[in-house]
Amino acid sequence: MAIQINHTIICCDENEMLAAVLERYCHANKLDLGSIAVATAGQVLPRSQWQHTAVVAHPHYTVFSAVAGG
């Protein structure tokens with residue numbers, strides 16, 4: 001099964017939890033899992049739900065990360 005995170009296609013197992021997929025994505029992209037937010041279908045998914053949310057085929061997830069600077 002495949003999902004999209006930002007512009008990256010991610011292969012994952014059926015019924016895999018979003019938290020596990022995000023951990024792989026962050027590791028591959030050198031992001032800190034603790035500093036991201038995730039949205040799908042225009043809604044931010046609370047971090048507390050990541051462990052309980054199974055990914056489904058073909059959705060698009062957007063990962064946001066804070067950027068410091070001026």
Can you list residues whose amide H is under 5 Å from I5's amide H, if they're 5+ apart or on another chain and H is modeled 1.01 Å from N? I10, Y61
Nearest-0.05 FRET efficiency for V44 and I9, computed from C-beta distance (R0 25 Å): 0.70
Quick check for you: which residues of region 1-35 have the amide N under 11 Å from the point 7 Å beyond the Cα of T53 toward its beta carbon? 18-19, 22
Taking +1 at the Cβ of each Lys and Arg and -1 at the Cβ of each Asp and Glu, which of S35, T53, Y25 sits farthest along the dipole of the chain towards its positive end, judged by Cα position relative to the Cα centre? S35
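None of the figures in this text is laboratory data; all of them are computed from the coordinates on show. As the structure is a computational prediction, the values presented were derived from the model and not from experiment. Neighbour counts run over all protein chains shown; Cβ positions are idealised from the backbone, glycine included.
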